[in-house]
Amino acid sequence: MRQNKAGLALILIGAALIASALFLFWGNRAEDDNAGRQAAVMLQQVQETIPEKTVEPAKLTVSEIGGYEYIGYISIPKLELELPVMAEWDYDRLKVAPCRHFGSPEDDDLVIAAHNYKNHFGRLGKLEAEDAVVFSDMEGGSSTYAVREVKRVEPTDVEAVQDSGWDLVLYTCAFSGETRIVVGCERLAAE
């Protein structure tokens, strides 16, 4: 009888753990989908705010839209990804869209962070050398970059993103959360 109670207790604990894992999975999935919808709405508003594109390289200009400040949007053709970029980062803003973490396009030290949502930077690790990344600013200027490096770093390795030497850095957490995926990009000469 005692063995049956212990077995039943283990079954109940196992069922509770499975239910918790499913709840966590679906909660994360809902958060990801919501972030994708919010970013799509904000992208449209950002693009509607930008005047006609110019041949000027991107600059750090800020516009307020929907209660948030944006510096433009990023396009990553290989990932079929286009996202607005907020002017400043914090954890709440990251739930909406990628954010400028450091730097500016004119100083060739722009760093953009995003969550690893599939609708944000979740597929960043699939980029390879020579893939294109385009940053368009709020005044219609844009800069095209080529991916030069994709690597994983420790979460404490701030130098890998802040003082990387790359003109543009994109980064996010790996799905495990134990490392960061960092993409270093070089600005291409304007044509």
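Remarks
Here is a yes/no grid of residues against (1) within 16 Å of the chain's Cα centre (by Cα); (2) over 27 Å from residue 190 (Cα atoms); (3) in contact (Cβ under 8 Å) with a residue 24 or more places away in the chain:
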site: 110; (1), (2), (3): yes, no, yes
site: 115; (1), (2), (3): yes, yes, yes
site: 124; (1), (2), (3): yes, no, yes
site: 129; (1), (2), (3): no, no, no
site: 135; (1), (2), (3): yes, no, yes
site: 143; (1), (2), (3): no, no, yes
site: 147; (1), (2), (3): yes, no, yes
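- Filter result for residue 58 (under 19 Å from residue 186 (Cα atoms) and in contact with a Cys (Cβ under 7 Å, 6 or more places away or on another chain)): no
- Residue satisfying all of: in the range 164-191; at pLDDT below 90 and surrounded by fewer than 13 Cβ atoms within 10 Å (Cβ to Cβ); nearest to residue 127 (Cα to Cα) among these: 175
- Inside the range 133-166, residues that are β-branched (Val, Ile, Thr) and in a strand (DSSP E or B) make up a count of 6.
The values are calculated or read from the model by the stated rules, or taken from the named source; none is laboratory data. The structure displayed is predicted, hence computed values, not measured ones. In this analysis, Cβ positions are derived from the backbone assuming ideal geometry, glycine residues included, and neighbour counts consider all displayed protein chains.
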